[in-house]
Amino acid sequence: MTSTVGIDALGVAVPSTCVRLEDLAVARNVEPAKFLQGLGTRVMGVALPDEDTVTLAARAAHEALQSAGVRGDEVGLLAVGTETAVDHSKPVASYVQGLVGIGSNCRVFETKHACYGGTAALQLALDWIRSGSARGRKALVICSDIARYGVGTPGEPTQGAGAVAILLGEAPRLVALEPGVSGVYSQDVHDFWRPLYSKDALVDGHYSVKCYLDALEGAWRNYRELVAEVPPAGSFFSDRFAALAYHVPYGKLARKGHQRLRELDGDPTPDTSFARLVEPGLVLPSLVGNIYTGSLYLSLTSLLACHPGSLEGQRVGLFSYGSGSCAEFFGGTVQPGAHARVRALGLMERLEARRVLGIPEYEAIMRERELIDERPAGAATETGAFGYLGVEQERRTYARRGAA
Ligand code: HMG
């Protein structure tokens, strides 16, 4: 048996350009309060034509390795969870391996199950470490996606783009994850999907909300059965957590999910714990939008970066949902020094430094992105290191770090 296993470092990449939902609402002739309060999102990241799932993943991976002081040859498993891959065959993870310099004695692959794909990879990687197969090496799991529903659709204000890289290992410095107790719930539903011919996701919006809430209920009931703990008098089962991170397609759904969870706990005022348990985890998601696989982990990063108090030594709960569907509820304990390590990434500063796009420019970028898979190499790039350079001889090409 191995010692404690969990998250040793995080890395986050978001595009350097964004749209304010207030501006989008005005352009779509919608009351801004609908997007800002009704959905609970303020800003959504918009990827430029020289960014894709690979560039975001590589930037996040580089940051996680740097933050941990871990070399590429210390990683024995590299998995990218994504639902917006760039190739039907070659995994995003192989591009990342080349770009960030992961050694050859490494398992490299991609996982898919809508927004749950990253969690599937994470759970698999944790078991790989706990089984002893890792032999002291780290696992690098990257959740990377560009969420796109199309201009003028109801889903448009719930877009976003970004990646979260999660370095996993023994004696983790951020969050030790509970072994063996994980509540799972899955169903064959058609709430959200993306046919092979389409760059835009299709969604049965209100039904997808119902599916999310039903899956949360199923995973939570399963988790409670496995933990089988009676809460102390005067508290509810979910008070075993000092904070909760949910999958956040938009902040309002995390709020609704939390209400459902507290109702299941028997809390007669299910919204009163929202500010204490959930709100710090929504700060970063409300400034980035839905990043699909990375969304839950951006919420966890937000808890560690933006919580007004300290979560160190305390338990946090994590709820992952992927349409289609699969959901999982699991937990872990925040390690000493975790807040300082995550704050050192300077995420808020980076988000504040983004260029805000006007709506015509955003729409032009959306049109240009339609064609990025055929973009000829040699087009202008703004992104720099790891930027997407276009296609040459049917092969995607990327800028290398340090290359002239
Ligand atoms: P809609 O139909 O345009 O919006 O689309 P609505 O009419 O439902 O309004 C949204 C909220 O704003 C409502 O709040 C309104 O009351 C409120 P609620 O009643 O739900 O509490 N509202 C206002 N509030 C304040 N002032 C106002 C005002 N007007 C209205 N003036 C929908 C909303 C989410 C359906 C749409 O954006 C959509 O289809 N989004 C994409 C799908 C999605 O995000 N689904 C979430 C669950 S599925 C999931 O999480 C998986 C996913 O991440 C993908 C994956 O797994 O890969 C999506």
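Excluding same-chain neighbours fewer than eight residues apart, the aspartates and glutamates reachable from K34 by a Cα-Cα span under 18 Å are E22, D23, E156. Judged by the mean number of other Cβ atoms found within 10 Å, the most tightly packed of the peptides 115-126, 253-264, 233-244 leads the ranking 115-126, 253-264, 233-244.
By accessible area, using a 1.4 Å probe on protein heavy atoms only, region 78-156 has 47% of its surface on carbon and sulfur.
Cβ neighbours within 10 Å, averaged per peptide: list 153-160, 54-61 in order, most packed at the top.
54-61, 153-160
Based on the alpha-carbon gyration tensor of region 294-404 and its eigenvalue square roots a ≥ b ≥ c, which shape applies: rounded if a/c is under 1.5, prolate if not and a/b is larger than b/c, or oblate? It is prolate, given that a/c is not under 1.5 and a/b is the larger ratio. Taken per residue, the accessible surface of the chain reaches 40 Å², heavy atoms only and a 1.4 Å probe. Note on region 348-394: Cα convex hull, mean projected area over all directions, 4.4 nm². Among beta bridges from DSSP that stay inside region 249-404, the antiparallel ones total about 90%. Pairs exceeding 23 Å between alpha-carbon atoms, taken from K112/K252; K210/K252; K90/K112: K112/K252.
Rounded to the nearest 5, what is the percent of antiparallel bridges among the DSSP beta bridges in the chain?
Percent antiparallel among DSSP bridges in the chain is about 70.
Debye-formula intensities of region 203-356, expressed as log10 I(q)/I(0) at q = 0.17 Å⁻¹, are -0.99 (one equal scatterer per alpha-carbon, no solvent).
Probe radius 1.4 Å, ligands and nucleic acids ignored: give me the carbon and sulfur share of the accessible area of region 196-261 as a rounded percent.
Exposed carbon and sulfur together represent 54 percent of the surface.
For region 160-245, the Cα gyration tensor yields ellipsoid semi-axes of 31, 21, 12 Å (square root of five times each eigenvalue, largest first, whole Å). Across the chain, the relative contact order, built from alpha-carbon pairs under 8 Å that are at least six residues apart, equals 23 percent.
Placing unit charges on the Cβ atoms only, positive for Lys and Arg and negative for Asp and Glu, gives region 5-400 a dipole magnitude near 600 debye about its Cα centre.
Peptides 225-231, 26-32, 360-366, 321-327 ordered by packing proxy, namely the average of other Cβ atoms within 10 Å per residue, highest first: 321-327, 360-366, 26-32, 225-231. Per-residue ellipticity at 222 nm from helix content only, as computed over the chain with -39500 (n - 2.57) for each DSSP H run of at least four residues, stands at -9500 deg cm²/dmol. The stretch between R343 and H190, if pulled fully straight at 0.36 nm per residue, gains 51.2 nm over its current Cα-Cα span. What the Cα atoms of the chain give is an Rg and a Dmax of 20.0, 67 Å. Given a Förster radius of 30 Å and the C-beta distance between V227 and E31 as r, what FRET efficiency does 1/(1 + (r/R0)^6) yield to the nearest 0.05? The pair V227/E31 has a calculated efficiency of 0.10. Going by the alpha-carbon gyration tensor, a ≥ b ≥ c the square roots of its eigenvalues, is region 87-232 rounded (a/c under 1.5) or, if a/c is not under 1.5, prolate (a/b greater than b/c) versus oblate? Here region 87-232 falls in the oblate category.
Which helices pass in the chain if a helix is a full DSSP H run, must span at least 27 angstrom along its long axis by Cα, and must have mean Kyte-Doolittle hydropathy not below -0.5? Helices meeting the criterion: 205-227.
The stretch between A364 and Q393, if pulled fully straight at 0.36 nm per residue, gains 7.8 nm over its current Cα-Cα span. Per residue, the convex hull around the alpha carbon atoms of region 294-334 comes to 56 Å³.
Segment T272..E312, full-extension length gain: 12.1 nm, with 0.36 nm per residue of separation and the alpha-carbon distance subtracted.
The values are calculated or read from the model by the stated rules, or taken from the named source; none is laboratory data. This one's a predicted model, so the numbers in the text were calculated from it and none came from an experiment. When we count neighbours, we look across all protein chains shown, and the Cβ atoms used for this are built from the backbone with ideal geometry, even at glycine. Remember, those area values only see protein heavy atoms, side chains included, never the ligands or the DNA or RNA. Shrake-Rupley method; radii C 1.70, N 1.55, O 1.52, S 1.80 Å.
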